[in-house]
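The values are calculated or read from the model by the stated rules, or taken from the named source; none is laboratory data. Every value quoted in this text rests on a predicted model; they were computed, and no experiment measured them. Note: ideal-geometry Cβ built from the backbone for every residue, glycine included; neighbour counts use all protein chains shown. Note: accessible area is taken over every heavy atom of the protein model, side chains too, but ligands, DNA and RNA are not part of it. Shrake-Rupley method; radii C 1.70, N 1.55, O 1.52, S 1.80 Å.
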Amino acid sequence: MLPLRRLLFAAVLLPGVGWSATVSISCGAVGLELTICREGAEAWARETGNRVAVVSTPNSTTDRLALYQQLLAAQSPDIDIFQIDVIWPGILHRHFLDLSPYVEVHRLQAQFEVVVENNRVDGRLLALPWFVDAGLLYYRADLLQRYGRPVPQSWTELGETARIIQVRERAAGRPRVWGFVWQGRAYEGLTCNALEWIHSHNGGTIVADDGRITINNPRAAEALALAASWVGEITPIGVLNYDEEQARGVFQSGQAVFMRNWPYAWPLVNGEDSPVQGKVGIAPLPRGGAEGRHTGTLGGWSLAVSRYSRVPAEATDLVKYLTSRQEQKRRALIGGYNPTYRDLYESEAIESANPLTGELVAILEQAVARPSRITGVRYNQVSNAFWTAVHTTLSGKRDSASSLARLERRLQRLNGDGW
Ligand code: GLC
């Protein structure tokens, strides 16, 4: 018989012989995100006899990227699973394991192809899709009805309706009501908002798919000038420092007629404790003029396993569990997170929890991608230059045309000999 100490030693080294791993996962914490992530991870831990450590990260995508870059550059094993934004594969890919040997082909085929392909770099599958996002218009259905206004189809119409309702609500004794709130802080969220204004005016995508820098064009300048005209009029000046949660805070407390946000806000604005519960509708974002189109920036998140993980097998297993069809369905029902499996959009249960589900496939198909694939490792610098130029115009420091001309020169320098 082996002495007890040797037996214990063997148990520590051999997975499966009473060995349990602790897997740490970094999840976002916007709205219900952290709670829902923890519930899912803990369910996996109970099923497999492992343990999980859930690490929350900053709300701002931009701050989160900076934190991840620090941890990964130091090859830190502290986080095994990273929740990564749709725009990061080109920036972070060398730090993640190739998951393709561990995922069944039919599982990938059941999901939106663009989302799966977005996670492949040089043939390596470096993350599994978790949920997709697209920018949406939230509106106060009760106020539109009270003032006899339809859901706006163009940005100009949105501006008019916002102004009319804001004036009349204020006159009726609600002085803090604003027309339209969105994400105007100088960070990635502003890139998403501004891309929507510009793309909906047929002003392109900053950098085209073939790498040409297209941002310096009259439609983009028109779109940006229109947005700048909202600030201080139908949009509080404070929006220049708002992220998703701050915009939601204003809208949910009943102080805005319209809000641009992602789908996660839907269950929250309709929560038991929400002053606007049952009074809200959602619709595609408005078109830029008669020739323009409805659009929404494509967002979303995936789960990747760190190359520096000491428990890669367990981490991969947890990623597979969390991104499974069943777990995505649970997350859609309670959190409004849009699944990456196509057939879940036909689920009646999900449709009744979220009235836009039926339309979401079309909205996702029309969604505009940020130029992260073509600009690869330089995407964050491109986006930073873009949101800085936009912020300068929104805050009245430089007009939109000269802001975009300067931005073009900045992007040309970043581009150098090609992306
Ligand atoms: C959402 C989107 C993400 C985007 C971010 C910007 O989380 O899913 O893709 O980068 O918002 O704030």
- Task: Test Glu233 against the criterion of being assigned to a loop (DSSP other than H, G, I, E, B), over 22 Å from Leu190 (Cβ atoms) and among the charged types (D, E, K, R), and give yes or no.
- Result: no
- Regarding Ala247, is this residue closer than 25 Å to Pro339 by Cα, modelled with pLDDT of 95 or more and in a helix (DSSP H, G or I)? yes
- Message: Among the residues in the stretch 93-107, are any within 20 Å of Ser383 (Cα to Cα), at pLDDT 95 or above and not β-branched (Val, Ile, Thr)?
- Response: yes
- Message: Within the stretch 205-214, does at least one residue satisfy the condition of being in contact (Cβ under 8 Å) with a residue 24 or more places away in the chain, away from the ligand (no atom under 15 Å from the Cβ), crowded, with 18+ Cβ neighbours inside 10 Å and at negative phi?
- Response: yes
- Pairs, please: C-beta under 6 Å, at least 6 apart or cross-chain, first residue in contact (Cβ under 8 Å) with a residue 12 or more places away in the chain and more than 14 Å from Arg212 (Cβ to Cβ) and in the stretch 407-419, second buried (at least 16 other Cβ atoms within 10 Å of the Cβ) and among the hydroxyl-bearing types (Ser, Thr, Tyr)? none
- Go through (1) modelled with pLDDT of 95 or more; (2) within 15 Å of the ligand (Cβ to nearest atom) and name the single condition Thr316 misses. (2)
- Can we say Pro267 is open to solvent by 10 Å² or more (accessible area, probe 1.4 Å), modelled with pLDDT under 95, closer than 27 Å to Ser60 by Cβ and away from the ligand (no atom under 16 Å from the Cβ)? no
- Note on the structure: Apart from one, (1) out of contact with any strand residue (DSSP E or B) (no Cβ under 7 Å at 6 or more places or on another chain); (2) open to solvent by less than 10 Å² (accessible area, probe 1.4 Å) all hold for Arg120; the odd one out is (2)
- Query: Of all the residues that make up the stretch 375-393, how many are farther than 17 Å from Asn216 by Cβ and more than 16 Å from the ligand (Cβ to nearest atom)?
  - Reply: 3
- Message: Take the residues in the stretch 319-342 that are modelled with pLDDT of 95 or more, open to solvent by 20 Å² or more (accessible area, probe 1.4 Å) and more than 17 Å from Ile25 (Cα to Cα); name whichever of them is farthest from the ligand (Cβ to nearest atom).
- Response: Gln326
- Query: Is it true that some residue in the stretch 64-71 is open to solvent by less than 20 Å² (accessible area, probe 1.4 Å), farther than 17 Å from Val305 by Cβ and modelled with pLDDT of 95 or more?
  - Reply: yes
- Item | Selection within the stretch 242-261 - open to solvent by 20 Å² or more (accessible area, probe 1.4 Å) and within 14 Å of the ligand (Cβ to nearest atom) | Tyr242, Glu244, Glu245, Gln246, Arg248
- Taking only pairs six or more apart or across chains, which ones have beta-carbon atoms under 8 Å, a first residue in the stretch 22-51 that is on the phi < 0 side of the Ramachandran plot, and a second residue that is open to solvent by 70 Å² or more (accessible area, probe 1.4 Å) and at pLDDT below 95? Leu32/Ile334; Ile36/Ile334
- Say whether the condition of being modelled with pLDDT of 95 or more, over 29 Å from Asn415 (Cα atoms) and either touching a strand residue (DSSP E or B) at 6+ places or on another chain (Cβ under 8 Å) or open to solvent by 20 Å² or more (accessible area, probe 1.4 Å) (or both) is met by at least one residue in the stretch 219-230. yes
- Message: Just to be sure I understand the filter: pairs with C-beta atoms under 9 Å, separated by 6 or more residues or on different chains, first member in the stretch 289-308 and at positive phi and touching a residue at least 12 places away in the same chain (Cβ under 8 Å), second member more than 14 Å from the ligand (Cβ to nearest atom) and not small (Gly, Ala, Ser). Which pairs pass?
- Response: Gly289/Trp155; Gly289/Thr156; Gly289/His201; Gly289/Asn202; Gly289/Arg219; Gly289/Glu222
- Return a yes/no flag: does the stretch 303-314 have any residue that is buried (at least 19 other Cβ atoms within 10 Å of the Cβ), of a type outside the set (Lys, Arg) and under 15 Å from the mean Cα position of the chain (by Cα). yes
- Meets criteria (modelled with pLDDT under 95, away from the ligand (no atom under 16 Å from the Cβ) and closer than 25 Å to Arg174 by Cβ) for Ala290: no
- Message: Condition check: of a type outside the set (Phe, Trp, Tyr) and within 16 Å of the ligand (Cβ to nearest atom). Does Val115 satisfy that?
- Response: yes
- Message: Quick check on Asp399: is it acidic (Asp, Glu), under 30 Å from Gln412 (Cβ atoms) and in contact (Cβ under 8 Å) with a residue 40 or more places away in the chain?
- Response: yes
- When restricted to Val23, Val30, Val54, Val17, the only residue of a type in the set (A, V, I, L, M, F, W, C), modelled with pLDDT under 95 and either within 17 Å of Trp130 (Cα to Cα) or surrounded by 15 or more Cβ atoms within 10 Å (Cβ to Cβ) (or both) is Val30
